[in-house]
2 protein chains.
Amino acid sequence: MSAGWFRRRFLPGGPLPEPQPPGPRSSPVPYHRPRFLRGSGSSPGATDTSRRSDSRPVRCPARGRTLPWNAGYAEIINAEKSEFNEDQAACGKLCIQRCEFGIEDEWLTVCPEEFLTGHYWALFDGHGGPAAAILAANTLHSCLRRQLEAVVEGLLATQPPMHLSGRCVCSSDPQFVEEKGIRAEDLVIGALESAFQECDDVIGRELEASGQVGGCTALVAVSLQGKLYVANAGDSRAILVRRDEIRVLSSEFTPETERQRIQQLAFIYPELLAGEFTRLEFPRRLKGDDLGQKVLFRDHHMNGWSYKQVEKSDLKYPLIHGQGRQARLLGTLAVSRGLGDHQLRVLDTNIQLKPFLLSIPQVTVLDVDQLALQEEDVVVMATDGLWDVLSNEQVARLVRSFLTGNREDPHRFSELAKVLIHNTQGKDDGATGEGQVSYDDVSVFVIPLHSPGQGSGGH
Amino acid sequence: MSAGWFRRRFLPGGPLPEPQPPGPRSSPVPYHRPRFLRGSGSSPGATDTSRRSDSRPVRCPARGRTLPWNAGYAEIINAEKSEFNEDQAACGKLCIQRCEFGIEDEWLTVCPEEFLTGHYWALFDGHGGPAAAILAANTLHSCLRRQLEAVVEGLLATQPPMHLSGRCVCSSDPQFVEEKGIRAEDLVIGALESAFQECDDVIGRELEASGQVGGCTALVAVSLQGKLYVANAGDSRAILVRRDEIRVLSSEFTPETERQRIQQLAFIYPELLAGEFTRLEFPRRLKGDDLGQKVLFRDHHMNGWSYKQVEKSDLKYPLIHGQGRQARLLGTLAVSRGLGDHQLRVLDTNIQLKPFLLSIPQVTVLDVDQLALQEEDVVVMATDGLWDVLSNEQVARLVRSFLTGNREDPHRFSELAKVLIHNTQGKDDGATGEGQVSYDDVSVFVIPLHSPGQGSGGH
C-alpha cells in the first residue's frame with residue numbers, strides 16, 4: 001500500500017485512479033461445502049428449530065477421512081437466516097518450499113523432507129452472501145504459502161538475517177536484529193498479516209469480476225516449527241482448553257471493541273460519513289427532546305465518559321449504534337475486521353463501509369513445545385454462532401467431560417465437535433444447564449495438541 | 001476539537017486559520033521548585049557525579065510539612081544535562097464544588113463538608129526547558145477540578161444519569177446507561193482525559209505569549225471516592241508495591257511503544273514528513289549498500305516483520321529511530337505523549353512534532369477500598385530517571401526492606417523517597433546490587449495507601 005492510497009481509494013477530490021480496462025465477466029463463485037465434508041453423512045439437528053424437517057443437520061467429515069492432527073470438525077446451517085450456510089472451513093498441510101523452486105498450486109500434497117511443513121485450519125463466517133467466505137476458503141492458504149515462501153530463508157535461520165540473502169552489509173547487522181528482538185516467529189506473524197491483505201485483494205477482484213458481493217470474517221490456526229499461530233479478523237474465537245486452564249487465543253473485532261479506531265478515522269476524514277452520521281457515541285440515539293440538554297457522550301480520544309450539550313448534528317444516526325451483539329457499524333455491519341465487502345454501502349447512500357474495515361488479523365502465538373502437553377489439551381475454534389450461546393467455561397466443561405469419558409474412540413474429536421454443536425441447539429448435555437439456541441450458522445474445529453501418530457501429519 | 005481541526009492545524013493547503021490578533025507579550029514563566037519544598041533542607045547527593053561540589057543535593061519537604069496522605073517526596077537534579085531541574089511536582093487536596101457555586105481558584109483550602117474532596121499528586125518531566133513543566137504543575141489540578149465540577153452531579157449519583165440535569169427524556173434512559181456499563185469512575189476518567197487536553201491548550205497559549213518553548217510528560221494520581229486514578233502521558237511510571245505483589249499502574253508512551261499509531265498518521269498524512277523521513281521501520285538506518293537488497297521492515301499495520309526490496313526513499317532518516325531508551329521520534333523526542341511542544345520542529349526544518357504527540361493520558365483505576373490494605377502498601381510514582389536504573393523489582397525490594405525496618409518513623413515515607421533517589425546515584429543500599437547511576441533529573445512520590453490519621457486528609 002503506497003502512501004496516499006487511502007485518499008485515492010476512498011475520498012472524493014483525490015487524484016483519479018488509473019483507469020482499469022473492464023476485465024472479462026467471470027462466472028459466479030459456485031456454492032459448495034468444505035471439500036473435507038465430501039462423502040460425509042450428517043446427524044439430525046434440533047428439530048424444533050429446523051426450517052423444514054431435518055433442514056438443520058449437523059455435518060462432519062466422513063468416518064474414513066482424517067483431518068490434520070486428527071482434528072474434529074462439525075457444522076450446522078442457520079435457521080432460515082439465509083439460503084446457504086455462509087460459514088466455510090478449510091484445513092490441510094502447508095508445504096513451504098524455497099522460493100527458487102516456485103512450484104505453484106501444491107496443496108495437500110506430500111512434501112519432500114527438505115521443505116518446511118506445517119498445518120492449517122481456517123473458519124470463515126460470511127455475510128451478504130456465501131461468495132466471499134468460499135473465495136477465502138479457496139484462496140487464503142495459497143496466499144499464506146506464498147508469503148511464507150517469500151521469507152523461508154529467514155524462517156530457517158536461528159535468527160532472521162537483516163538481509164534475506166544472508167549477505168552482511170554491516171558487520172553489526174545481526175546485533176541490530178537482536179536488539180530489535182526480531183525472531184523467526186515475527187516473520188510468520190508478518191506473513192499472516194500480508195496473506196490476509198493479499199487474500200482481501202483477491203476477493204475484491206474476484207467478486208467484482210463475477211458481479212457478486214459480500215464479506216467474511218477469518219480465523220486461522222497455523223502450526224509451524226513447534227508453534228501454533230492463531231490469526232483472527234472478525235468475531236470468531238479460538239480458545240485453548242487444558243485440564244486446569246482456559247486460555248483465550250483470539251480477540252473479537254467488532255464496532256464496539258474497535259470504537260476508538262473507527263471514530264478516529266471519522267474524525268480525520270469526516271467526509272467518509274457524508275453528513276449522514278455522527279461519529280460521537282451516546283448511550284442511545286438522540287432525539288429532538290434531547291436538544292440543548294447535557295448528555296453522556298464519548299469521542300475518539302476518550303476511554304472515559306463526559307457530558308456535552310446536544311446540538312442538532314448530534315441527532316444524526318450514530319457511526320456505531322447498538323450494544324453488544326447488536327452493535328452495528330454505520331447501521332450495517334456487526335464486525336469491523338474481515339475480508340471482502342469492497343462494494344458494501346450503507347443502504348440507499350453512497351457511504352462505503354470498506355474504509356472502516358481492516359483486513360489485518362491479530363496474531364497470537366502459542367508455544368506448543370513449551371506447554372508440557374497432556375493427552376486432552378485441545379484448541380477449540382468456532383464461529384460466533386457457538387460463542388453467542390456458550391461461554392468459554394461452558395465449552396471447557398463440555399470438552400473436559402466428553403474427552404475424559406471417551407478416551408478410546410478414534411473419532412472422539414469429531415464427536416466432541418458434534419457435541420458442541422448440539423449444545424448450541426437447546427440440547428442440554430448436562431454440562432451447561434442453559435439450553436440456549438443459536439439460530440446462526442455454527443462451525444467448530446477441535447484440534448488436539450497431543451496426538452502422536454494419530455493424524456495425517458506429525459507435529 | 002472539531003472535525004477538520006487536525007487538517008487546519010497541521011496541513012498545508014487546508015482552510016486558513018482565523019487571524020488571531022497578537023496578544024500582549026507576557027513575561028517568561030519564572031523558574032521555581034515545587035511549593036511544598038519551601039523551607040526544606042537537602043541532603044548531599046552522590047559527590048562523584050555532581051557538576052560542582054554538592055550541586056546535586058537530594059531535596060525533600062521540610063520536616064514539619066505534611067503532604068496529602070503523609071506521602072513522601074524526594075528529588076535530585078540532573079548532572080549537567082540542563083541548567084535547571086526540568087522535573088516538577090505538585091500535590092494537594094482537590095475540592096470539587098457543585099457547578100452552580102462556581103468559586104474559582106480554590107486550591108489547597110479547607111472545603112465545606114457537602115462537597116466532594118479528593119487528593120492529587122503529580123510529576124512532570126520537562127524537556128526543551130523547564131517552562132512547560134512549571135506551567136503544568138501550576139495549572140493541571142485547576143483544569144481537573146473544573147472538569148470534575150462540570151460532571152459532579154453525575155459523580156454523586158449511584159449511576160451517572162443520561163442527562164446531567166437528572167431529567168429523564170426516555171423512561172428507559174437508566175437502562176441504556178446500565179447496558180453501556182457507564183459508572184461514576186468513567187466520568188473521572190473522562191475528566192482526567194479532558195483536563196490533560198485543556199492543560200495542553202493553556203500551556204500552548206502561555207508559552208506562545210511568553211515566547212518560551214518546551215514540553216513535559218505528566219503522571220498524575222488522584223484519590224476520589226475510595227479509588228485511586230493514575231493518569232499517564234509520557235515515560236514516568238507508577239507502581240503499587242505490597243508485601244506479595246507488584247502491580248504496574250501505568251504504561252510508558254514512547255516512539256517505540258506507540259510505533260503503529262505514529263506510523264499510521266504518517267501513512268494517512270505523508271505530507272507531515274515533508275519528504276525528509278521514511279515512515280518504515282528497519283533494524284538500522286539503511287545506506288547505499290542496502291539498495292536493491294531485501295531487508296527486514298515493518299509498516300504501520302504490522303506487528304510482525306517482513307522483507308522488502310530497498311528503494312532510494314527507504315534510505316531517508318526513519319520517522320522513529322533508535323532502540324529502547326535511545327528511540328527518537330523524528331530524530332528529536334524520546335516521548336510520544338505529554339503536554340506542550342506546540343512550537344517544536346525538527347532541527348533546521350519546518351517539520352512539526354506536535355501532530356504526532358498525544359496529550360491524552362491512559363488512566364488506570366485502583367479500587368483501594370477493595371484491596372484489603374496492609375500497613376506497608378504504597379504507590380511509588382517516579383520520573384524516568386529512577387526507572388532507567390532501577391527495575392520494579394529492585395524498587396519493591398527497597399520499599400519492603402526500608403518500611404519493615406522503620407515502622408515507627410513518622411517521616412518514613414519521605415525517608416524512603418530519599419533512599420530510592422540515593423539508589424539512583426550509584427549508592428548500593430544492599431538491595432539492588434547494581435550501583436547504576438542516573439544522570440537525569442529524578443523525582444519520586446511514595447504514597448502510603450494505609451495511613452489512618454497520619455496525613456492531612458482522610459482516605
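The values are calculated or read from the model by the stated rules, or taken from the named source; none is laboratory data. Every value quoted in this text rests on a predicted model; they were computed, and no experiment measured them. FYI the Cβ positions are ideal-geometry reconstructions off the backbone, even for glycines, and counts take in every protein chain you see. Calculation scope for accessible area: heavy atoms of the full protein, side chains included, ligands and nucleic acids excluded. Shrake-Rupley method; radii C 1.70, N 1.55, O 1.52, S 1.80 Å.
Available extension along the chain between residue A:317 and residue A:11 is 108.1 nm, counting 0.36 nm per residue and deducting the alpha carbon span. Inter-label distance, residue B:388 to residue B:165: 5.5 nm, where each label sits 7 Å from its Cα along the C-beta direction. Extension gain, residue A:225 to residue A:450: 0.36 nm times the residue separation minus the Cα-Cα distance gives 79.5 nm. Whole-Hz ³J(HN,Hα) for each residue in the stretch A:58-65, computed from phi via Karplus 6.51 cos²θ - 1.76 cosθ + 1.60 with θ = phi - 60°, x for glycine and proline: what do you get? Using θ = phi - 60°, the values come out as 8, 10, 8, x, 4, 4, x, 8 Hz.
If you place +1 on the Cβ of every Lys and Arg, -1 on the Cβ of every Asp and Glu, and leave all else neutral, what size is the dipole of the stretch A:340-423 about its Cα centre, to the nearest 20 Debye?
Result for the stretch A:340-423 is approximately 260 debye, rounded to the nearest 20.
With θ taken as phi - 60° and the Karplus curve 6.51 cos²θ - 1.76 cosθ + 1.60 applied, the whole-hertz 3J(HN,Hα) list for the stretch B:275-281 is x, 9, 10, 9, 7, 6, 9 Hz, x standing for glycine and proline.
Shape summary: the stretch A:308-363 maps onto an equivalent ellipsoid whose semi-axes, from the alpha-carbon gyration tensor, are 23, 15, 10 Å in decreasing order.
Accessible surface of the protein assembly as shown, 1.4 Å probe: 48 percent of it comes from carbon and sulfur atoms.
Averaging 1/r over every pair of different alpha carbons in chain B and inverting the result gives a Kirkwood radius of 23.8 Å. Remark: mean inter-chain Cβ contacts per residue of A:174-180 equal 4, using a 10 Å Cβ-Cβ cutoff to other protein chain atoms. Along its first, second and third principal axes, ordered by size, the stretch B:271-420 spans 68, 34, 29 Å in Cα coordinates.
Remark: the stretch B:295-302, residue by residue, has Karplus-estimated 3J(HN,Hα) of 10, 4, 7, 9, 10, 4, 8, 9 Hz, where x stands for each Gly or Pro and the curve is 6.51 cos²θ - 1.76 cosθ + 1.60 at θ = phi - 60°.
Computed over the Cα atoms of the stretch A:207-341, the ratio of the radius of gyration to the Kirkwood radius (Rg/Rh) comes to 1.08. Largest accessible area first, the residues A:315, A:144 order themselves as A:315, A:144 under a 1.4 Å probe with ligands, DNA and RNA left out. With the convex hull drawn around the C-alpha atoms of the stretch A:146-270, the volume per residue stands at 205 Å³.
Computed over the alpha-carbon atoms, the protein assembly as shown gives an Rg to Rh ratio of 0.98, Rh here being the Kirkwood radius from the mean inverse distance.
Averaging the Cα positions of each part gives two centres, and for the stretch B:164-226 and the stretch A:274-324 these lie 17 Å apart.
These residues, B:168, A:143, go from largest to smallest accessible area, 1.4 Å probe, as B:168, A:143.
Here's the picture: charge each Lys and Arg Cβ at +1 and each Asp and Glu Cβ at -1 in the protein assembly as shown, and of B:343, B:362, B:160 the one pushed furthest to the positive end of that dipole is B:343. At a temperature of 37 °C and a viscosity of 0.692 mPa s, determine how fast the stretch B:345-448 diffuses translationally according to Stokes-Einstein, using the Kirkwood radius over alpha-carbon pairs as Rh; express D in µm²/s, rounded to the nearest whole number. Value of D from the Cα-based Kirkwood radius: 205 µm²/s.
Per residue of peptide A:275-287, the mean number of Cβ atoms on other chains within 10 Å of the residue Cβ is 3. Return, ordered by residue number, the residues of the stretch A:210-228 whose backbone nitrogen is under 16 Å from a label point located 7 Å along Cα→Cβ of residue A:371. Of the residues in the stretch A:210-228, A:220-228 have backbone N under 16 Å from the label point off residue A:371. Model label points for residue B:271 and residue B:244, set 7 angstrom from Cα along the Cα-to-Cβ axis, are 6.0 nm apart. Taking the Cα atoms of the stretch B:115-170, the ratio Rg/Rh between the radius of gyration and the Kirkwood radius comes to 1.19.
Distance between the modelled labels on residue A:201 and residue A:25, one decimal in nanometres: 2.7 nm (7 Å Cα→Cβ projection). In nanometers and ordered shortest first, the copy-to-copy spacing of the residue B:225 label point, defined 7 Å from Cα toward Cβ, is 5.1.
Compared with the rule-of-thumb size 2.2 N^0.38 Å for a compact globular protein, the stretch A:383-422 has a Cα radius of gyration ratio of 1.17. In the full protein context, the protein assembly as shown carries 41 Å² of accessible surface per residue, based on a 1.4 Å probe and ignoring ligands, DNA and RNA. To the nearest 10 Å², what's residue B:257's accessible area with a 1.4 Å probe? We get 90 Å² for residue B:257. Remark: label point of residue B:64 defined 7 Å out from Cα along the Cα-Cβ vector; separations to the same position in other copies 9.7 nm, ascending. The relative contact order of chain A, computed from alpha carbon pairs under 8 Å that lie at least 6 residues apart in sequence, is 20 percent.
In debye, nearest 20: dipole of chain A around its Cα centre with unit charges on the Cβ of K, R (+) and D, E (-)?
On the way: 49 positive and 60 negative charges, 181 e Å.
So the dipole magnitude of chain A works out to roughly 860 debye.
What residues qualify as long-range amide H neighbours of residue B:94, i.e. H under 5 Å apart, gap of 5 or more or another chain, H built at 1.01 Å from N? Correct list: B:118, B:119, B:120. Taken residue by residue and averaged, Cβ atoms of other chains lying within 10 Å of the Cβ of A:304-314 number 6.
About its Cα centre, the protein assembly as shown has a charge dipole of approximately 920 debye under the convention of +1 per Lys or Arg Cβ and -1 per Asp or Glu Cβ, with nothing else charged. Note on residue B:436/residue A:158: beta-carbon distance plugged into 1/(1 + (r/R0)^6) with R0 of 51 Å gives a FRET efficiency of 0.95.
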